[in-house]
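To start, the structure under review is shown below, and the notes come after it.
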Amino acid sequence: MKVLLTGGTGYIGSHTAIELIKLGYEVEIMDNLFNSKIEVLDKIAEISGVKPKFYEVDLLDKDGMDKMFAEGDYDLVIHFAGLKAVGESVEKPLKYYENNVGGTINLLECMKKHGVNKIIFSSSATVYGDQGVAELTEDMQTGVGITNPYGRTKYMIEEILKDVAVANKEFEVTILRYFNPVGTHPSGLIGEDPNDIPNNLMPIIMKVSTGEIEKLKVYGDDYDTVDGTGVRDYIHVVDLAKGHVAAINKIKSGISIYNLGTGKGTSVLEMIAAFEKASGGKKLPYEVVERRAGDLAEICANPGRAERELGWKTELTIDDAMNDTINYLNHLKEK
Ligand code: WQD
């Protein structure tokens with residue numbers, strides 16, 4: 001099977017490429033390199049033995065995508081490409097709607113023109129908004145109480161995919177709602193390495209540990225949680241990548257939606273403690289500050305449907321993610 005990964009040089013896309021190549025899939029990558037580096041292709045080759053064919057194409061470049069699909073003869077698309085900085089999306093909503101929603105419409109039109117009718121979409125738990133409960137299941141209503149344009153683009157794309165699946169009976173759509181991806185490949189060769197200023201917890205912890213950022217700001221310790229700090233469902237990126245392989249194997253006509261998470265919550269202070277443990281006890285400087293606007297106290301996946309229907313569940317732990325992250329940081333230092 002030949003698979004196109006849009007955004008495939010990114011954090012999750014690159015890890016997914018490796019898992020697919022290991023299983024014999026033919027993988028090609030399209031990326032505009034806005035938030036990733038072309039060197040990732042060499043790292044994929046070093047890890048997997050195969051350097052995927054690469055197209056430097058933007059979702060808004062209709063001609064470039066058309067040429068790529070004309071050559072590619074793809075069986076399935078995994079759609080990772082998109083802008084994902086929550087804070088930036090609040091400042092520049094039109095950039096996010098044009099790129100994420102408009103770009104996806106371009107992709108879908110191109111797929112239709114070239115007879116590609118299987119797509120797996122990289123969605124996010126953010127589409128649930130505030131359900132008033134911590135554990136989230138796929139049958140819950142989405143789109144209500146989303147606090148930022150980034151999250152709304154993910155919701156809108158899900159709705160577009162549902163409508164396209166209704167209009168085209170041969171279309172096969174799987175939506176994967178990620179919780180909080182963390183960790184790096186155990187080889188230490190690839191990991192989360194954004195070009196932009198991160199706003200997620202783990203890349204910030206990484207930059208605090210290297211001294212690029214002075215200290216971690218813990219956004220509030222007065223939530224109704226185990227220790228007052230925010231609780232999230234952190235999933236190792238390798239488990240997440242394997243979830244995509246499981247989804248390919250089970251894709252079918254219509255719409256299928258799965259939470260990809262561990263089903264367990266971890267607080268910010270527990271993440272700090274886990275990182276310090278992996279660092280051999282080295283303290284991570286942090287300061288508790290006021291809550292971040294839009295944050296919820298606790299968000300956790302109920303991953304039962306993915307286990308039942310895809311035969312997939314997470315196997316790696318927070319400690320695995322932290323140990324792999326330290327290994328990755330050590331590799332970066334050696335460069
Ligand atoms: C996690 C916890 C913060 C930074 C994101 C976005 C989106 C999605 C992943 C893909 C929260 C706390 C964080 C910091 C902190 N990705 N925190 N200090 O809030 O779950 O949202 O989920 O769709 O990027 O929706 O992830 O990593 O930003 O925050 O205390 O400097 O860490 O308050 O409790 P979040 P996050």
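The values are calculated or read from the model by the stated rules, or taken from the named source; none is laboratory data. Everything numeric here is computed off the predicted structure, so don't read it as measured data. When we count neighbours, we look across all protein chains shown, and the Cβ atoms used for this are built from the backbone with ideal geometry, even at glycine. These accessible areas exclude ligands, DNA and RNA; they are computed on the full protein's heavy atoms, side chains included. Shrake-Rupley method; radii C 1.70, N 1.55, O 1.52, S 1.80 Å.
Taking Tyr150, is it aromatic (Phe, Trp, Tyr), outside any strand (DSSP E or B), open to solvent by 40 Å² or more (accessible area, probe 1.4 Å) and within 13 Å of the ligand (Cβ to nearest atom)?
Values: aromatic (Phe, Trp, Tyr): yes; outside any strand (DSSP E or B): yes; open to solvent by 40 Å² or more (accessible area, probe 1.4 Å): no; within 13 Å of the ligand (Cβ to nearest atom): yes.
Against the criterion (aromatic (Phe, Trp, Tyr), outside any strand (DSSP E or B), open to solvent by 40 Å² or more (accessible area, probe 1.4 Å) and within 13 Å of the ligand (Cβ to nearest atom)), Tyr150 does not qualify.
Pick from segment 48-59 the residues that are touching a residue at least 40 places away in the same chain (Cβ under 8 Å) and surrounded by fewer than 20 Cβ atoms within 10 Å (Cβ to Cβ): which of them is nearest to the ligand (Cβ to nearest atom)? Walk me through how you get there before you give the answer.
Applying the first criterion (touching a residue at least 40 places away in the same chain (Cβ under 8 Å)) to segment 48-59 yields 52, 54, 58-59.
Now narrow it down to the ones that are surrounded by fewer than 20 Cβ atoms within 10 Å (Cβ to Cβ): 54, 58.
Numbers: Phe54: 24, Asp58: 20 Å.
That would be Asp58.
Could you check how many residues of segment 186-229 are within 11 Å of the ligand (Cβ to nearest atom), over 24 Å from the mean Cα position of the chain (by Cα) and either among the basic types (Lys, Arg) or surrounded by fewer than 16 Cβ atoms within 10 Å (Cβ to Cβ) (or both)?
1
Test Lys277 against the criterion of being part of a helix (DSSP H, G or I), farther than 27 Å from Ala45 by Cβ and away from the ligand (no atom under 14 Å from the Cβ), and give yes or no.
Working: part of a helix (DSSP H, G or I): yes; farther than 27 Å from Ala45 by Cβ: yes; away from the ligand (no atom under 14 Å from the Cβ): yes.
Considered against the rule, which asks whether it is part of a helix (DSSP H, G or I), farther than 27 Å from Ala45 by Cβ and away from the ligand (no atom under 14 Å from the Cβ), Lys277 comes out as yes.
Could you check how many residues of segment 97-121 are open to solvent by less than 10 Å² (accessible area, probe 1.4 Å) and among the small types (Gly, Ala, Ser)?
1
Taking Gln131, is it more than 16 Å from the ligand (Cβ to nearest atom) and either open to solvent by 10 Å² or more (accessible area, probe 1.4 Å) or under 18 Å from the mean Cα position of the chain (by Cα) (or both)? Before you say what the answer is, go through the steps one by one.
Working: more than 16 Å from the ligand (Cβ to nearest atom): no; either open to solvent by 10 Å² or more (accessible area, probe 1.4 Å) or under 18 Å from the mean Cα position of the chain (by Cα) (or both): yes.
It is false that Gln131 is more than 16 Å from the ligand (Cβ to nearest atom) and either open to solvent by 10 Å² or more (accessible area, probe 1.4 Å) or under 18 Å from the mean Cα position of the chain (by Cα) (or both).
Has segment 199-209 got any residue that is touching a helix residue (DSSP H, G or I) at 6+ places or on another chain (Cβ under 9 Å) and part of a loop (DSSP other than H, G, I, E, B)?
So far as segment 199-209 goes, yes, one or more of its residues are touching a helix residue (DSSP H, G or I) at 6+ places or on another chain (Cβ under 9 Å) and part of a loop (DSSP other than H, G, I, E, B).
Of everything in segment 321-335, what is open to solvent by less than 50 Å² (accessible area, probe 1.4 Å), of a type outside the set (S, T, N, Q) and over 15 Å from Lys264 (Cα atoms)? Give them in sequence order.
Those that are open to solvent by less than 50 Å² (accessible area, probe 1.4 Å), of a type outside the set (S, T, N, Q) and over 15 Å from Lys264 (Cα atoms): Met322, Asp324, Ile326, Tyr328, Leu329.
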